[in-house]
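K.L.:
This is the structure I want to talk about, given as C-alpha cells.
The values are calculated or read from the model by the stated rules, or taken from the named source; none is laboratory data. In this text the structure is predicted, and so the values were computed from the model without any measurement. Positions of Cβ are generated from backbone atoms using ideal geometry, with glycine treated the same way; all protein chains shown enter the neighbour counts. Surface areas here come from the heavy atoms of the whole protein model, side chains and all, with no ligands, DNA or RNA. Shrake-Rupley method; radii C 1.70, N 1.55, O 1.52, S 1.80 Å.
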Amino acid sequence: MVGSFLKSSPFSRSMFGTSLQQASKHMQVLVVLLWISVCCKAAADSVMRTTAETRSHLLYETFLYYNPFLLVAGMLWLWGINLRVFSAFKVNYAKVFDLDGTHLMWKGIWMIALWITLGVLTSMTLYLYLSSHGSSLAASQPVLLYSVIPLMMVLPFDALFVSSRIFFLRTLVRIIFPLQPITFADFFVADILTSMAKVLSDLERAACRMFHGQVATLSWFEPDSTCGSHSIWIPCVLALPYVFRFFQCLRQYSDTRDNTCIFNALKYASSFPVILLSALKYHVTLDLWHGLYRPLWLLSGLINTCFSFYWDIRRDWDLSFFSGLCNPKYSLLRPNLLYHYHSIYYGAIGSNLLLRWAWTYKLSAHLRHNYITVFLMTALEMLRRFQWIFFRVESEWNKISRLSSQTSSKETLKETEMLISPTEYDM
C-alpha cells in the first residue's frame, strides 16, 4: 500500500527521498562524533597508564608529531567557512583566483578537513595506546601518517579532487620558483604559508626524528642533537615562507616597476631579524642575550608588527583608516563595503592589531619549549589569517568589479557613438 502510494505521488517520492538523505546525514554525524569520543577516551586512558615522568615526555612528543596536521585541518575548516560566506555574499571567488569549473566548494573543503582530522586523531590514539603498553609498533604510527598524507596529494589518478590537487601543487611550485608572473592565487597561498610557518617548522622537526629513527625514544630531547631544539634548521624553515614572499615581491617589481612591491618586499624582510635574533639565544651567553639581543628582538618585533599592521589595513584591505585618522576629510573605511556594518571592519582592525603580536611570538624559536602556549599563539594567528582572507578577497573582488564596470561602460559608450555617428549620412 505504501509502495503504491509512493508510485502514484511524485511529491511523496521526493519527500521520502529527502527524508532518507537527512537521516543518512544525521547518522554520519553521529558516527563521526562517536569515533571522536572513542579516540579521546582511549587516548586519555593511555596517557593515565604512564608514570608522571614518562607522561610529560610522551605528551610533548605526541604534540610535536600531531599538532601540525591538526592545525592544517583547522585551517581547512576555516577556509571552508570563508568560501561559504563568499557564496552567501555573491563574491565570485572562482574569478578572483582564476579557477576553472571543477574547483572545490566549501563542502569539499570540509570533507578533506574531516578526513585529515579523523586520520590524525586515529593515528594519535594508536600511538598513545601502543606507547603506553611498551609496544615497538608505536613508532610506526606517525611515520605512516606522514607518508600517507603527502602520497594522497601527489596521486596521479583521477580521484580525490585531482584537479584541485594539481592546481594546489602547481601553485606551490610557482611559489618556490617565481619564474612566471605572480598571480593572485600565488601570493595569496604564500601569505597563508607565512601564517603556517610554525607548522612547517614542526613538520621539519618531526620528519627529522623519523628520518634518524628517533620516534618513541628520548635521544631527541638532547638540545644539541641533530633534531634538537638548537638545530639551525628550525629558524631556516620558519623563514622560508617569508623568503618566498620576498622574492615574489621582487618578481612583481621586475614585471610592473611598481615601487609598492619594493615596500612590500621590505615588509617581509623585516621578519628576518625577528627569527634570527630569537635563534641566537641558544648560541650566545645568557648575559649577552638579556643585555643586547633580547632588546633587539623586541624592537624588531615591534617594527615588523607595526609595518605588517599598516599593510594589512591600507594595502591588503584597501581601507583608508590611517588617512581618516590624520585628516577628517577622508573616510575611515571606504564607500563600497561588502559586509555592510561598519562595526565589522572596526572590530577586524582592532583584533588584527592584537593578533599581530601572536604572529611575532610564534616566529620566536627560543620560545618553542612552551609548546601549549605556542600552539595557542599559532591557532590565534590562523584565526587572524582567517579574518584577513574575508577582507583581502573583498578588496580584490572590488577591483575586478570596478574594472569590469569600466570596461562595460567603455564598450557601451563606443557602441552609442557608432550608432549616433553622422558620418555615413553626410551629404
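K.L.:
Select from segment 253-290 the residues that are exposed (fewer than 12 other Cβ atoms within 10 Å of the Cβ), more than 29 Å from the chain's Cα centre (by Cα) and either closer than 30 Å to GLN180 by Cα or at pLDDT 90 or above (or both) and list them in ascending order.
P.N.:
ARG257
K.L.:
What do you reckon, is VAL96 open to solvent by less than 30 Å² (accessible area, probe 1.4 Å), at pLDDT 95 or above and in contact with a helix residue (DSSP H, G or I) (Cβ under 6 Å, 6 or more places away or on another chain)? Don't jump to the end; show me each part of the working.
P.N.:
Numbers: open to solvent by less than 30 Å² (accessible area, probe 1.4 Å): yes; at pLDDT 95 or above: no; in contact with a helix residue (DSSP H, G or I) (Cβ under 6 Å, 6 or more places away or on another chain): yes.
In short, no.
K.L.:
Residue check: is SER343 open to solvent by less than 70 Å² (accessible area, probe 1.4 Å), part of a helix (DSSP H, G or I) and either touching a Cys at 6+ places or on another chain (Cβ under 7 Å) or more than 30 Å from HIS283 (Cα to Cα) (or both)? Break it down into steps so the answer makes sense when it comes.
P.N.:
Working: open to solvent by less than 70 Å² (accessible area, probe 1.4 Å): no; part of a helix (DSSP H, G or I): yes; either touching a Cys at 6+ places or on another chain (Cβ under 7 Å) or more than 30 Å from HIS283 (Cα to Cα) (or both): yes.
Here the answer is no, as SER343 does not meet what is asked.
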